[in-house]
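See structure below.
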Amino acid sequence: MAMGVRTVLSDLEDNGWCRFSSNDFELEKVFSSLGKVIRKTKVSPTVESRSLVKSTHQLPMHTDHYLAKFIVWECIRQDQYSGFSVLVDGIELYESMPEKTRDTLDSIQIKLGAKHLRYSQLLIEENSDLDADINESHPMINKFGSETRIFYQNWMIGQLVNNKQKSAFQKYVDAVRNSKPVRIRLNP
C-alpha cells in the first residue's frame, strides 16, 4: 500500500522523522511539501575517506546543517557491511533536562570551523531566498515560537566559555549516549 505525502508530513510532525520508499511516490512531491531544497548531495562510502560524511565508520551522534529544517536520505545502494542510520530524539532529551541545565544549554554557541562557514556561505549564495546570517558561531538550541531546533555536533563544540556550560553540555552528551536510539537500514 502506497504511503501518501500527508502521512509522511504527519509522521514528521508526530515523531520528528519518517521512513518511506521512494517507490511510493515521486520524491519531488515530498520535497515540495517540506519546503525549499537547499542542497542535494550524493554520498558513497569510501574506506579511505577523510570526510566524515563519506566515511565507512559510524559517525558520532549529531544533527546536520543548522540551515536545514529537514534532512532527506535516499538510499541508492546499501553498504554491504553496515549502513544503519541511528536516530535519537535530541529535543526530547533536551526537554527532559532540568530547567537550569536547559537554560545553560540555551547559552551555548557552537563555533563553526572555516569549512563549515564556507559551506554555509555557499548554501546562502545558492539559495538567495534563504533567510540566514553567516556568523562564526551558531546557538546549540534555537527556539522559534513553539519550535525548538538543536544544532549538535560534539566535534565542533570548541571551547565552552565556562564550567557551567561544560557541565551542561556533558550532561547532554551523556543523555544522547545513554538514550535508546532507533536503528534503521534504508532500502534502495
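If you rank Phe169, Phe70 by fewest surrounding Cβ atoms within 10 Å, what's the result?
Ordered by Cβ neighbours within 10 Å, fewest first: Phe70, Phe169.
Quick one: net charge of Leu12's neighbours, Cβ under 12 Å, K/R +1, D/E -1?
Cβ neighbours under 12 Å give a net charge of 0.
Using the 10 angstrom Cβ neighbour count as an exposure proxy, how do Trp73, Trp17 rank, fewest first?
The fewest-first ordering by Cβ neighbours comes to Trp73, Trp17.
Considering only DSSP states other than H, G, I, E and B, which GluC sites (Glu not before Pro) in the stretch 1-35 qualify as loop sites with at most 14 other Cβ atoms within 10 Å?
Glu26
Read the figures in this text as sums done on the coordinates, not as results from a lab. Just so we're clear, the structure is a prediction, and the values are computed from it rather than from any experiment. Every residue, glycine as well, gets a Cβ built from its backbone with ideal geometry; the counts of neighbours run over all protein chains shown.
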